[in-house]
Amino acid sequence: MLLYLRELFVAKKSLLIWTLCLAGLMFLCMAMFPSFSSGQEMNINDMLEAFPEEMRKGFGMMGLDLTQPMDYFVYVYPYVVVAAAIWGALMGATILGKEEGEKTIEFLYAKPITRSYIFVSKLCAVLSEMIIFGILFYGINVLGFAAFAEGAYDARLLLLLTVAILLIMLIFMGLGFLLSVFVVKARKVMPAALGAGLGLYMLSIFANIKDEWTWLRYLIPYQYFEGIRVLREGGLEAKFVILALGIAVVCLVAAWLIYRRKDILT
Amino acid sequence: MPVIKTNALTKSYGKARGIVDVTLTVDAGEVYGFIGPNGAGKSTTIRTLLGFLRPSGGSASIFSMDVTAQSAEIKKRVGYVPAEVNYYDDMKVANLLEYSQRFYGRPDAKRRDALCERFDLDVTRRIDDLSTGNKKKVAIVQALLHRPELLILDEPTSGLDPLIQNQLFDLLSEEKKRGVTVFFSSHILSEVQRMCDRVAIIKEGRILRVEEIADIRSRTHKHVRAVSDAPDAWAGFDLPGASEIEQKGKEIAFWYAGAMGTLIKALSDRPIGNIWIEDPSLEEIFMHDYRKEG
């Protein structure tokens, strides 16, 4: 509990900043919703239609009615998902490695605790941060809908979209943990996390355009819970929920097994 | 019963050498020196004992518990001072000491205050504002807070001024009287000479020998230096038991192992102006042996 609380204490500032940035972005976008939905001068959907089909497909805009609050929400949603995924990767990749990178691990390892205790404490701290983020994200979005869309939102779908962000973060966080048992220097981890987050997003755009390459969906976490699909199907696809959890668990178990046995070189 | 016991302990980093076949035994209540030049394997041995590194071969136990499998259990009874101190920069000294204490149970504020006072530590200062010496003091205090039965100190005096070094040695003497076992690595032999009961000499990852400090001191090797007023007083000087004879002008210096009477007699035959017969310092013994075994 001691290490867990310490990690939460240390993370409070970054948790606040990331939450405010991500939820704040959604809130600000919702603040613009009234001008999108009023359609006094020109219907926004007609404007969207003017874009090339590939572009609309690539960025997940096909079939969206931006005058509807939930549709408008999922129009902005992918960008928040990418940022949240990068944050998840960074959290996973730095929480273990920073002790080695900053050489504070000698202090920690001299204490009467096991490596599993360290691993689990830090993992629980990251999971807690994600849950806190999820709750705040959901709450701030409810406020956004209440303030700018006359409360016209589907609470269940909004919750599922929030859970979807957390599941995608979980995958990236697991990958980050696995990376951190090999690479401990923050300056090496940062580009890897950013590269994975943005690179996979670009691949996701590509996968959207190429309808026939459906197998690509399984390789790109962003494709598991696309906002428009969650809206239209009314839920998260079970196979992708299992896949997301499976990837995260496999990464975390592998990271734990390696971490238990690795040499700590400071 | 030994507190630390290693048997052919080996740690290699891929092809690079770490330590090879390190076998040593540290008894309860003993102050044990671990001496060798930088890069000899002192820190690797300590880090293997503390479970930071997994042994590549051999075995090691502390309090009869395996250093890898029962590391957490062992550390309840061990205090550790690293060679290079790196703590959480966001903490103040007081926060760090309390955090450290909580790993062992309820913090003992009285003990913490007494140790901080002894080392003149300002607990209100932030870790990242501290000098190397002050960080070392924090490391020493945090290692002693939970009243460990074994203290493992890796180059504990580096960065400490002489006054604080003396305080550390006084404290270690008190801990020894309390029955605490001390495992102490250093490349400064006079520290070991001052503090330790036994010393293990390590070179290039291998233990060269383990000796009682008292034995080393009582070695029959003496360092002899004599000066004569006569210009050719030392011509043809030879004596059974004398080695490394060096003559520079009117002065002669050599190592001698043998009866004192024979030495005095041999010197008294010549016109001596002054004479010094000294126990060599551990440094000199060590360098003497190191060259021989190099």
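Kindly indicate whether any position in segment B:59-81 is more than 14 Å from chain A (Cβ to nearest Cβ), in a strand (DSSP E or B), surrounded by fewer than 21 Cβ atoms within 10 Å (Cβ to Cβ) and not aliphatic (A, V, I, L, M).
Checking segment B:59-81: at least one residue is more than 14 Å from chain A (Cβ to nearest Cβ), in a strand (DSSP E or B), surrounded by fewer than 21 Cβ atoms within 10 Å (Cβ to Cβ) and not aliphatic (A, V, I, L, M).
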For segment B:94-130, which residues satisfy the criterion of being outside any helix (DSSP H, G or I) and modelled with pLDDT under 90? B:Gly105, B:Arg106, B:Pro107, B:Asp108, B:Phe119, B:Asp120
Considering segment B:42-55 alone, what residues qualify as being at the interface with chain A (Cβ under 8 Å from one of its Cβ atoms) and free of Cβ contacts under 8 Å to residues at least 60 places away in the same chain? B:Arg47, B:Gly51, B:Phe52, B:Leu53, B:Arg54
Just to be sure I understand the filter: pairs with C-beta atoms under 8 Å, separated by 6 or more residues or on different chains, first member in segment B:159-174 and among the small types (Gly, Ala, Ser), second member assigned to a helix (DSSP H, G or I). Which pairs pass? B:Gly159/B:Thr132; B:Gly159/B:Gly133; B:Gly159/B:Lys135; B:Gly159/B:Lys136; B:Ser173/B:Met195
Got a sec? Which of A:Leu96, A:Leu90, A:Leu64 is more than 14 Å from every other protein chain (Cβ to nearest Cβ) and touching a Lys or Arg at 6+ places or on another chain (Cβ under 7 Å)? A:Leu96
When every residue in segment B:84-95 that is surrounded by fewer than 21 Cβ atoms within 10 Å (Cβ to Cβ) and at the interface with chain A (Cβ under 9 Å from one of its Cβ atoms) is compared, the one farthest from B:Ile4 (Cα to Cα) is B:Asp90
For segment B:9-54, how many residues are of a type in the set (Gly, Ala, Ser) and closer than 30 Å to A:Ile118 by Cα? 8
Out of A:Ile247, A:Ile264, I need the residue that is touching a residue at least 12 places away in the same chain (Cβ under 8 Å), surrounded by 13 or more Cβ atoms within 10 Å (Cβ to Cβ) and under 29 Å from A:Leu157 (Cβ atoms). Which one? A:Ile247
Within segment B:96-122, of all residues that are more than 14 Å from chain A (Cβ to nearest Cβ) and over 29 Å from the mean Cα position of the chain (by Cα), the one surrounded by the most Cβ atoms within 10 Å (Cβ to Cβ) is B:Asp108
What are the pairs, 6+ residues apart or on separate chains, where a residue within segment A:1-26 that is surrounded by 16 or more Cβ atoms within 10 Å (Cβ to Cβ) has its Cβ under 6 Å from a residue that is of a type in the set (D, E, K, R)? A:Glu7/A:Lys122; A:Ala11/A:Glu129; A:Leu15/A:Glu129
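For segment B:26-41, does any single residue satisfy the condition of being in a strand (DSSP E or B), loosely packed, with under 15 Cβ neighbours inside 10 Å and without any contact (Cβ under 8 Å) to a residue 40 or more places away in the chain?
no
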Subset of segment B:42-58 that is more than 20 Å from the chain's Cα centre (by Cα) and small (Gly, Ala, Ser) - its residue that is surrounded by the most Cβ atoms within 10 Å (Cβ to Cβ): B:Gly51
Does at least one position in segment A:165-179 carry a residue that is at pLDDT 90 or above, more than 14 Å from every other protein chain (Cβ to nearest Cβ), in contact with a Leu (Cβ under 6 Å, 6 or more places away or on another chain) and not in a helix (DSSP H, G or I)? no
Restricting attention to helices (runs of 4 or more DSSP H) lying wholly within segment B:149-264, give those where 2 or more residues are touching a Ser or Thr at 6+ places or on another chain (Cβ under 7 Å). B:162-177, B:189-195
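The values are calculated or read from the model by the stated rules, or taken from the named source; none is laboratory data. Note that the structure is a prediction, hence the values are computed from the model and not measured. Backbone-built Cβ (ideal geometry, glycine too); neighbour counts: all protein chains shown.
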